[in-house]
Structures are given as structure tokens and as C-alpha cells.
1. When you go through 282, 254 one by one, which is the residue that is crowded, with 19+ Cβ neighbours inside 10 Å and within 30 Å of residue 147 (Cβ to Cβ)?
2. Residue 287 versus (1) under 29 Å from residue 146 (Cβ atoms); (2) surrounded by 13 or more Cβ atoms within 10 Å (Cβ to Cβ); (3) modelled with pLDDT under 90: which is the lone unmet condition?
3. Can you run down the residue pairs with Cβ atoms below 6 Å, 6 or more apart or on separate chains, where the first is in segment 261-274 and without any contact (Cβ under 8 Å) to a residue 24 or more places away in the chain and the partner is assigned to a loop (DSSP other than H, G, I, E, B)?
4. Identify the single condition in (1) crowded, with 17+ Cβ neighbours inside 10 Å; (2) touching a residue at least 40 places away in the same chain (Cβ under 8 Å); (3) farther than 29 Å from residue 112 by Cα that residue 179 does not satisfy, given that it satisfies every other one.
5. Which one of the conditions (1) loosely packed, with under 15 Cβ neighbours inside 10 Å; (2) within 14 Å of residue 281 (Cβ to Cβ); (3) in contact with a helix residue (DSSP H, G or I) (Cβ under 6 Å, 6 or more places away or on another chain) does residue 184 fail to meet, given that it meets all the rest?
6. So which residues in segment 47-73 are at positive phi and either modelled with pLDDT of 95 or more or surrounded by 12 or more Cβ atoms within 10 Å (Cβ to Cβ) (or both)?
7. What's the total number of residues in segment 18-46 that are crowded, with 19+ Cβ neighbours inside 10 Å and either modelled with pLDDT of 90 or more or in contact with a strand residue (DSSP E or B) (Cβ under 7 Å, 6 or more places away or on another chain) (or both)?
8. Which of the helices (runs of 4 or more DSSP H) found entirely inside segment 1-112 contain at least 2 residues meeting this: touching a residue at least 12 places away in the same chain (Cβ under 8 Å) and under 30 Å from residue 187 (Cβ atoms)?
């Protein structure tokens with residue numbers, strides 16, 4: 001196992017030794033029953049005083065990470081100490097193990113970790129979407145799901161790199177490629193899945209006869225998809241009423257419809273007396289992930 005020691009650090013050398021041995025155990029690099037180098041060998045290899053190594057080994061023994069076997073040496077114990085505080089150590093151990101496997105210098109690992117810790121945590125979501133009307137609908141749904149502010153922009157918008165700072169960038173899964181191409185290096189992108197149309201329509205099938213079904217939305221793709229799917233599901237074309245909510249007279253005739261199928265944003269502006277069937281675009285899994293991400297950031301601040 002490779003060890004690193006800094007004589008200029010504010011952390012004592014025995015503590016540095018102990019910490020790295022513990023992380024090696026947690027990461028699996030040091031298996032139960034593994035024999036550690038002798039005090040003399042370790043001191044000679046890393047140019048340490050034998051008393052320094054001995055002190056580190058005694059701390060490991062005291063905390064029940066290793067055991068001294070008379071006349072044989074120092075060995076990793078078969079069982080780890082029970083402690084709820086080991087989870088963060090496990091994360092650090094895995095990080096260092098990955099760094100070694102990738103041959104990343106410890107100095108670079110320290111530098112990157114310091115940058116991440118000093119960076120201001122994200123405090124809002126940034127939705128990246130080219131279609132303006134779709135963007136408005138998704139923003140409304142996201143804002144209903146989370147308490148963080150939700151901002152949005154197009155992938156072609158000037159200054160996107162600046163806007164993405166301190167933001168949790170998100171995009172629909174099928175638009176993620178375009179979003180990733182314009183994001184600054186190092187900015188993570190959360191992908192949002194959409195709701196299953198067949199599953200959402202299942203409660204309303206088979207298609208009723210003799211009823212007028214209205215479909216309303218500002219997003220033209222919503223109207224196109226609805227026409228295709230409802231027709232395929234057995235709704236007669238004469239029983240479907242389509243309304244582009246961007247037009248001035250879009251509410252005309254909606255009160256005569258049995259129900260109005262619409263997106264979550266259009267539902268807020270339907271005339272009184274209409275029975276809406278709101279079709280959310282974001283899947284339940286996407287909403288759950290947004291909330292989890294926000295909770296993680298909030299508890300980490």
C-alpha cells in the first residue's frame with residue numbers, strides 16, 4: 001500500500017499514518033489478517049523516525065484496527081470497530097483508492113478536494129431547454145416539486161456558462177446531449193425523465209363514445225402528441241377539440257367539452273367550470289430525484 005507523508009502539515013505524522021491505514025482498511029486495500037510492515041522497515045522506507053511509526057501503530061491498536069502478535073508483527077484485525085462515524089471515512093477511502101488506480105498524484109487530489117470544499121454550493125436549478133413553451137411547462141412543474149428557485153435558458157443563450165455557476169443544471173434526457181455540449185467543464189447535468197403516456201392514459205381507456213374531449217396547451221408538440229395517441233387509442237377525430245393556448249380565443253368551446261386534457265401550466269388558466277385532466281410531463285422518478293438532490297445540497301450546506 002502506498003503511503004504519503006507531509007512534514008509541513010499541521011497534522012502529526014503518527015496521525016497521518018493512522019488515517020491512511022484506516023482508509024486502506026475501509027477501501028479493501030488492507031484485508032483482514034494482512035501483516036503490516038515492521039516499524040523499522042516502514043521508518044526506513046518513508047524516512048520516518050521509528051518512534052513515529054510506533055506511535056501510529058499504537059493508536060491503531062488502541063482504536064482496535066490492528067492487533068499486535070508477540071514475535072510476529074502487527075496485523076489488521078478480522079473485524080472493524082463499530083462506529084456510525086465511519087461512513088465519511090469510507091467515502092474518502094474510496095476516493096483515494098480510485099485516485100491510486102488512476103495514478104492521480106495526491107497533490108492533485110488535495111487541490112481538487114480543496115476547490116470543491118471552497119466552492120459555493122448550488123442554490124437553484126437551471127433548466128436547459130431550447131423550446132420556450134416546453135421550458136415554461138417544465139419550470140412550473142419543477143417549482144411545484146422543489147423549494148429551490150428554478151431558472152431556465154436555451155442552449156444557444158449567450159453567457160450560459162456564467163448563468164450555470166452555482167446552479168444544478170438539468171435537462172430532459174432526450175435533450176441532454178445538446179445541454180452537455182454548452183455547459184462548462186466540470187458542471188454536472190441532471191437528466192429528467194418524462195412520464196409514460198400510455199400509463200397516464202390507461203385510466204381513461206377504452207375511449208368513451210358520444211363525448212367531446214378538448215386538448216389545450218401552449219406547447220404545439222403536446223397537441224400533436226395528443227392527437228396521435230388519442231386517435232390511436234380509439235377516439236374519433238370528430239370528438240376531439242384542439243386549442244392552442246397561445247391564441248387569443250383559445251378558451252372558445254372548452255366549457256362544452258366533457259374534459260380538457262392539458263399540461264400543468266395551461267390547467268391554471270382554464271375557464272371556470274372546465275374539468276381538467278392534467279398531464280404532467282415530468283415522471284414521478286424525475287420529481288423524486290429533484291427533491292433528493294435538493295435535500296442533499298441543503299443538508300450539506
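1. Answer to the selection: 282.
2. Going through (1) under 29 Å from residue 146 (Cβ atoms); (2) surrounded by 13 or more Cβ atoms within 10 Å (Cβ to Cβ); (3) modelled with pLDDT under 90 one by one, residue 287 breaks only (3).
3. Within 6 Å, the pairs are 271/251.
4. (3)
5. (2)
6. 64, 73
7. Residues flagged as crowded, with 19+ Cβ neighbours inside 10 Å and either modelled with pLDDT of 90 or more or in contact with a strand residue (DSSP E or B) (Cβ under 7 Å, 6 or more places away or on another chain) (or both) within segment 18-46 amount to 5.
8. Here the list reads 13-27, 86-101.
The values are calculated or read from the model by the stated rules, or taken from the named source; none is laboratory data. Since the structure is predicted, the reported quantities are computational estimates derived from the model, not experimental observations. Every residue, glycine as well, gets a Cβ built from its backbone with ideal geometry; the counts of neighbours run over all protein chains shown.
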